[in-house]
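Student: Take this structure first; my questions come after.
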Amino acid sequence: MIEKVDNFLYKGLRKKLVDNLRNKGITNENVLQAIENVPRHFFVPFGLENIAYEDQALPLSDGQTISQPYTVAFQTQLLDVQPGMKVLEIGTGSGYQAAILAELGAKVYSIERITKLHKTAQYTLSSLGYQKCQLFLGDGYLGKEAYAPYHRIIVTCGAVEIPQNLIKQLAVGGKMVIPVGINTQEMLLVVKLNEHDVEITKHGNFVFVPFVKGS
Ligand code: SAH
């Protein structure tokens with residue numbers, strides 16, 4: 001059924017999107033392949049399917065957005081996911097980023113604070129067969145202690161600081177990609193060197209919806 005709707009037209013548009021991302025500097029072939037595999041038109045609101053493969057952010061309900069494909073590709077490339085890794089995502093939104101992580105072979109745990117988005121993402125991911133994604137409703141500031149430590153953590157909303165709980169729940173040697181800033185955000189890569197030290201590098205400016213404290 002799903003296969004039938006994911007028709008030739010959308011496959012062609014996905015290939016074009018991948019070419020576009022390659023031209024913009026995305027080099028990781030596994031990430032590009034994941035973008036080619038995930039049918040983004042299932043994750044956008046009804047009526048916006050025709051522009052699902054433009055390289056732009058699109059509105060979700062409650063003033064939230066599904067990130068621009070370039071941003072998804074950039075963050076995912078920086079995250080450096082290997083098959084079998086446990087990855088925690090903060091900000092499930094549409095579930096699209098979670099599907100990309102699942103395509104890379106990750107075991108995905110994703111937290112969202114808005115009930116409607118959480119439920120819609122749950123439906124979309126399970127109907128597309130992304131069984132490896134476990135979604136939770138709650139406050140991402142707290143992380144998800146029950147499944148910690150995580151090899152990777154990806155934050156898809158703009159934080160004003162790096163939440164200490166997330167550093168605690170990151171495995172030693174693990175990496176976190178988090179956009180930090182008030183109006184615009186700087187993309188930070190945080191590597192946990194040992195129980196006490198992290199190394200932080202900066203990777204350019206982006207704009208995200210806010211990381212809201214409290215669920
Ligand atoms: N990764 C998403 C992008 C969603 S936009 C996708 O692929 O579609 C960021 C999301 O972060 C929004 O849905 C917003 O509701 C959520 N968010 C903001 N603050 C949060 C918090 N404290 N805990 C969990 N989710 C949060």
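Student: Tell me, yes or no, whether region 177-189 has at least one residue that is more than 21 Å from Q64 (Cα to Cα) and surrounded by 19 or more Cβ atoms within 10 Å (Cβ to Cβ).
Tutor: Yes, region 177-189 has at least one match.
Student: I'd like to check which helices (runs of 4 or more DSSP H) are fully inside region 2-69 and have at least 3 residues that are closer than 18 Å to C133 by Cβ and without any contact (Cβ under 8 Å) to a residue 60 or more places away in the chain.
Tutor: none
Student: In this structure, does A102 turn out to be in contact with a Cys (Cβ under 6 Å, 6 or more places away or on another chain), open to solvent by less than 30 Å² (accessible area, probe 1.4 Å), under 17 Å from Y150 (Cα atoms) and near the ligand (Cβ under 10 Å from one of its atoms)?
Tutor: No, not satisfied.
Student: Residues in region 146-159: is at least one open to solvent by 60 Å² or more (accessible area, probe 1.4 Å) and either among the β-branched types (V, I, T) or touching a helix residue (DSSP H, G or I) at 6+ places or on another chain (Cβ under 8 Å) (or both)?
Tutor: No, that holds for no residue.
Student: Out of all the residues in region 56-99, which are open to solvent by 30 Å² or more (accessible area, probe 1.4 Å) and charged (D, E, K, R)?
Tutor: Result: D62, D80, K86.
Student: Can you tell me which of (1) more than 18 Å from T76 (Cα to Cα); (2) open to solvent by less than 10 Å² (accessible area, probe 1.4 Å); (3) out of contact with any Lys or Arg (no Cβ under 9 Å at 6 or more places or on another chain) is the one G140 doesn't meet?
Tutor: The one condition G140 does not meet is (3).
Student: Okay, next question. Restricting to region 185-215, name every residue that is in contact with a Phe, Trp or Tyr (Cβ under 7 Å, 6 or more places away or on another chain) and either within 21 Å of V72 (Cβ to Cβ) or assigned to a strand (DSSP E or B) (or both). Give the steps one after another, and end with the answer.
Tutor: Of the residues in region 185-215, the ones in contact with a Phe, Trp or Tyr (Cβ under 7 Å, 6 or more places away or on another chain) are 185, 187, 213.
Within region 185-215, Q185, M187 meet the criteria.
Student: Scan F46, F8, F42 and give me the residue that is open to solvent by 20 Å² or more (accessible area, probe 1.4 Å) and in contact with a Leu (Cβ under 9 Å, 6 or more places away or on another chain). Walk me through how you get there before you give the answer.
Tutor: Working: F46 fails: in contact with a Leu (Cβ under 9 Å, 6 or more places away or on another chain); F8 fails: in contact with a Leu (Cβ under 9 Å, 6 or more places away or on another chain).
Testing whether each residue is open to solvent by 20 Å² or more (accessible area, probe 1.4 Å) and in contact with a Leu (Cβ under 9 Å, 6 or more places away or on another chain) leaves just F42.
The values are calculated or read from the model by the stated rules, or taken from the named source; none is laboratory data. All figures in this text were calculated on a predicted structure; none of them were measured in a lab. Ideal geometry is used to build each Cβ from the backbone, glycine not excepted, and the neighbour counts take in all protein chains shown. Ligands, DNA and RNA are excluded from the accessible area calculation, which covers all protein heavy atoms including side chains. Shrake-Rupley method; radii C 1.70, N 1.55, O 1.52, S 1.80 Å.
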